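Trainee: Sharing a structure with you now.
The values are calculated or read from the model by the stated rules, or taken from the named source; none is laboratory data. Predicted model only: the values in this text are computed from it and were never measured. Reconstructed Cβ throughout: ideal geometry from the backbone, glycine too, with neighbour counts over all protein chains shown. For accessibility, only protein heavy atoms count, side chains too; no ligands or nucleic acids. Shrake-Rupley method; radii C 1.70, N 1.55, O 1.52, S 1.80 Å.
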Amino acid sequence: MVTLLAFVFVLGVLVFVHELGHFLAAKRVGIRVLKFQLGFNPTVLSFRRGDTEYGIGALPLGGYVKMAGENPEDVERDEQGNAIKHGDEFLSKTKWERFQVLIMGPVMNLLLALVLTAVVLYQGVERFSFEDQPVVIGVVSEGSAAAGADIRAGDRIVSVAGRGVDTWDQFDMAIGMKPNREVEIGLLRNGLDVTRKVTPTVVGQSRFEYGVIGVLPNVHPHVGDVFSGSAAEKAGLKKDDVVVSVDGQTITFGSQLKQAIAKHADQPITLVILRNGERQTLQATPAKQGNEGLLGIRIAEDTVKDKPGFGRAISLSVSKNIEMSRLIFQTLGGLITRETSPKQLMGPIAIAQLSGESAQLGWIALITLMASISLNLGLLNLMPIPILDGGHIFIMALEGLARRDFSLAVKEKMLMAGFAVILMLMVTVIYNDLTRISWIEHLMPWR
């Protein structure tokens, strides 16, 4: 129930904002709006105010604004078959006025993404300190794609597939978008430029394909507190000790340290720590609690907390959305060149699942998801594919260049081509969604 309600809320807000853009722009240029509806037919609730009927449809997967004279078939004609133009109809308006109506839907989604991202940032953000640092490798996982490509600890990654990466955040995104696709990695090793070809792999069972090559930053968790009378206190651990390794296994994140302790209940472990910059080795025996080991420490990570003011939150939101837009266009380009896996696309089922999970995490997570989907919705609607807003704008632009309106037959062929593209896309994303449901995946003819 939470998943369904969250999905309806997320999609309802995004569709409402999109259609509101078209509605307000149409009213502003004097176009008569016949119907404003959220959800597709059948209409389950409606009322009329002025010339416009406002309704809610039973299928919460979209919405529409129906304008007078929007389709050539709806235009009133005289006895000779010539169109009778009325000043309040869509096709009677100039191309500039029609452009304003078409563009405002996507623009409203882009503005919503900016506002929601700014709201999230204004609440304050905590992130790992290494995310904004250069990509200097601290650990290369044994048996990983990076190890097989002779990428070493101490190397600094400067590019992925010819595109520069300055931070770990950029690197993770660049590699993540290319699962099972060979990419060229640019490195700095002892001051020399080195290139290596590596194929990111998908590790574990993930809902979405996300590539990794098995490199980690040179960071380690530290001891936030030592509980009195605990196994950690008996072993001599102190607050602010940095845990480098457990039984010879390098520890990068707190989750790794927790797992290493948990699986050694009543069994001694060897910890290598840094205390005031000096390396020390300690022996400890985690106490048994249930089926897991407990050392008696609070594990802390090196994080950065940032709570910007209102103005800076907006500025950061603009920067973040520009960066995300760049990644979206890279993904679309990668789909065309087959550098990006189509399995990364998601449809309504996946959106519903993510909405439910985000709602359970809290409203910040839900708003973050809404911002991301709104940005994608706004940009994708601007693509020059007939049927989409961008496609209609593209057709008008071609008519402007030709200095004449295309015939109805030509427009129908263009719209049918656009419909075929959208249909193939929908089949792909729905197939992806179904394969992410474990019991359905085994029924698929190919995987």
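Trainee: Under 18 Å from the Cα of residue 307, which lysines turn up, not counting those fewer than eight places away in the same chain?
Mentor: 320
Trainee: Turning to a different aspect of this structure: Would you kindly give the portion of the calculated P(r) for the stretch 238-284 that falls above 17 Å, as a percent of all Cα pairs?
Mentor: Beyond 17 Å sits 28 percent of the P(r) for the stretch 238-284.
Trainee: First compute the accessible area of the stretch 168-305 with a 1.4 Å probe, then give the percent of it belonging to carbon and sulfur atoms.
Mentor: On the way: 3450 of 7540 Å².
The C+S portion of the solvent-accessible surface of the stretch 168-305 is 46 percent.
Trainee: Related question: Any chance you could give the angle, 0 to 90 degrees and rounded to 10, that helix 2-28 forms with the longest Cα principal axis of the chain?
Mentor: With both axes taken from Cα atoms, the answer is about 40 degrees.
Trainee: Separate question: Once the whole set of protein chains is in place, how much accessible area is left on residue 102, using a 1.4 Å probe, in Å² to the nearest 10?
Mentor: 20
Trainee: Could you tell me which trypsin sites (Lys or Arg not before Pro) in the stretch 353-437 are loop residues by DSSP with no more than 13 other beta carbons within 10 angstrom of their beta carbon?
Mentor: Here the sparse-neighbourhood loop sites are 403, 404.
Trainee: Work out the charge dipole of the chain with +1 on the Cβ of Lys and Arg and -1 on the Cβ of Asp and Glu about the Cα centre, then indicate which of 145, 25, 296 is farthest towards its positive end.
Mentor: 25
Trainee: Dipole size in debye (nearest 20) for the chain around its Cα centre, Lys and Arg Cβ +1, Asp and Glu Cβ -1? Present the calculation step by step, with values, prior to reporting the outcome.
Mentor: Numbers: 44 positive and 45 negative charges, 38 e Å.
Once rounded to the nearest 20, the dipole reads 180 debye.
Trainee: Okay, helix-only estimate at 222 nm for the chain: each DSSP H run of n ≥ 4 adds -39500 (n - 2.57), divide by all residues, round to 500 deg cm²/dmol; what do you get?
Mentor: -14000 deg cm²/dmol
Trainee: Of all beta bridges DSSP finds with both residues in the chain, what is the antiparallel percent, to the nearest 5?
Mentor: 95
Trainee: Moving on to the next point. Given a Förster distance of 22 angstrom, what is the FRET efficiency for residue 166 paired with residue 306, based on the Cβ-Cβ distance and rounded to 0.05?
Mentor: 0.75
Trainee: Using only Cα atoms and rounding to the nearest 10 degrees, what angle (0 to 90) does helix 363-381 make with the longest principal axis of the chain?
Mentor: It is inclined by approximately 50 degrees.
Trainee: Moving on. If every alpha-carbon in the chain counts as one equal scatterer, what log10 I(q)/I(0) does Debye give at q = 0.09 1/Å?
Mentor: -0.77
Trainee: When averaged across all projection directions, what area in nm² does the alpha-carbon convex hull of the stretch 339-392 cover?
Mentor: Numbers: hull surface 18.6 nm².
About 4.7 nm², averaged over all directions.
Trainee: Taking the Cα atoms only, what angle lies between the long axis of helix 408-435 and the longest principal axis of the chain, rounded to 10 degrees?
Mentor: It works out to around 30 degrees.
Trainee: Given Cβ point charges of +1 (Lys, Arg) and -1 (Asp, Glu) and nothing else, what value in debye, to the nearest 20, does the dipole of the stretch 109-257 about its Cα centre take?
Mentor: Value, rounded to 20: 240 debye.
Trainee: Around residue 147, what is the net charge, scoring Lys/Arg as +1 and Asp/Glu as -1 over all other residues with Cβ under 13 Å from its Cβ?
Mentor: Numbers: positive: 152, 196; negative: 142, 150, 155.
Net charge in that neighbourhood comes out at -1.
Trainee: Tell me the per residue accessible area of the chain using a 1.4 Å probe; a whole number in Å² is fine.
Mentor: Per-residue accessible area for the chain comes out at 55 Å².
Trainee: All other residues with a Cβ under 12 Å from the Cβ of residue 212 taken together, and with Lys, Arg as +1 and Asp, Glu as -1, what is their net charge?
Mentor: -1
Trainee: Suppose each label sits 7 Å from its Cα in the direction of the beta carbon; what would the residue 123-residue 291 distance come out to in nanometres?
Mentor: The modelled label-to-label distance comes out at 3.4 nm.
Trainee: Next up: Within the chain, what is the longest stretch that has no GluC sites (Glu not before Pro) placed in a DSSP loop and near at most 14 other beta-carbon atoms within 10 Å?
Mentor: 183-447
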